[in-house]
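The values are calculated or read from the model by the stated rules, or taken from the named source; none is laboratory data. Since the model is a prediction, treat every value here as computed from it, not as a measurement. Counting neighbours? That spans all protein chains shown, and the Cβs are built from the backbone with ideal geometry, glycine included.
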Amino acid sequence: MSFIKFLGTAGARFVVMRQLRASGGLWLSVGKTNLYIDPGPGALVRCLNSKPRLEPSTLDGILLTHKHLDHSGDINVMIEAMTEGGFKKRGLLFAPRDALQEDPVVLKYVMGYVEKVEVLKENSEYRIGDIRFSTAQKHRHGVETYGINFKISPHTVSLVTDTKFFPELSDLYRGEILVVHVVRLKPIGEGPIDHLSVEDVKTIIKKTKPKLTILTHFGMTMIKAKPWIVAAEIEKELGSKVIAASDGMRLDLEEV
Ligand SMILES: [Zn+2]
């Protein structure tokens, strides 16, 4: 029973600050392995309140795609929960170097709770239990950021986390299931906002032709446009299955 549970679908500051959507990130279970991805603000509460309850002490590891607060707000408390208050040294922490060293988001004393820290680097392979994954090239996103290709069965999954669009992007994530952070409805051009828009996502889908695309991590313009309507429009235009994640949504990988 392998699944992805969306414990939050909020992206960027305003949706997170106002909690228009939850911002807990993702829980990925494959075989016997549980990995938490991007525990943003409220991750712990979302785990404990989810039905059925997700027990942080069953986590094998936590992965941070980057250190922005909407991805890392609950990282310390989630490590503490994974390690049963720090009394059981266990679990792996995967994070880019700049989340751990310069202006770190993981407190020093909390870092001591985990069994092992693995630094995420460009184009590298990692493994945690039944989950194998690799990073692609660094994203364009202000802080050190990596998307992930999960080589898991029964379907490979690509997670395209925050980034400004760049031409190579459409070639990097070829998972059968594409989970993409689409913060913006419309592109903003050459601005300070390093996020994908709906147009960028269409460009990626046209190139990689995933079996299923899941939109998540919505900013204000996406929320206003109603993500499920945006998803339906993309699906109609491209003839490729697209859904919008909702808070608490569970995707059973066997059923895709
Ligand atoms: Zn970010």
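For the condition outside any loop (DSSP other than H, G, I, E, B), under 30 Å from residue 226 (Cα atoms) and of a type in the set (Lys, Arg), what is the one hit in 51, 5?
5
Any idea which of 216, 203 is touching a Phe, Trp or Tyr at 6+ places or on another chain (Cβ under 7 Å) and at pLDDT 95 or above?
Being touching a Phe, Trp or Tyr at 6+ places or on another chain (Cβ under 7 Å) and at pLDDT 95 or above holds for just one of 216, 203, which is 216.
If you check residue 110 against the conditions, is it more than 16 Å from the ligand (Cβ to nearest atom), in a helix (DSSP H, G or I), modelled with pLDDT of 95 or more and surrounded by 15 or more Cβ atoms within 10 Å (Cβ to Cβ)?
The answer is yes for residue 110.
Going by the conditions given, is residue 234 away from the ligand (no atom under 16 Å from the Cβ), of a type in the set (Val, Ile, Thr) and either part of a strand (DSSP E or B) or in contact (Cβ under 8 Å) with a residue 60 or more places away in the chain (or both)?
No.
Restricting the range 160-214 to residues that are within 16 Å of the ligand (Cβ to nearest atom), part of a strand (DSSP E or B) and of a type in the set (A, V, I, L, M, F, W, C), which is nearest to residue 67 (Cα to Cα)?
Restricting to residues being within 16 Å of the ligand (Cβ to nearest atom), part of a strand (DSSP E or B) and of a type in the set (A, V, I, L, M, F, W, C), the top hit is 160.
So which residues in the range 13-41 are surrounded by fewer than 21 Cβ atoms within 10 Å (Cβ to Cβ) and away from the ligand (no atom under 16 Å from the Cβ)?
Result: 18, 19, 20, 31, 32, 33.
Do we find that residue 76 is part of a helix (DSSP H, G or I), surrounded by fewer than 21 Cβ atoms within 10 Å (Cβ to Cβ) and of a type in the set (S, T, N, Q) in this structure?
So residue 76 passes the test.
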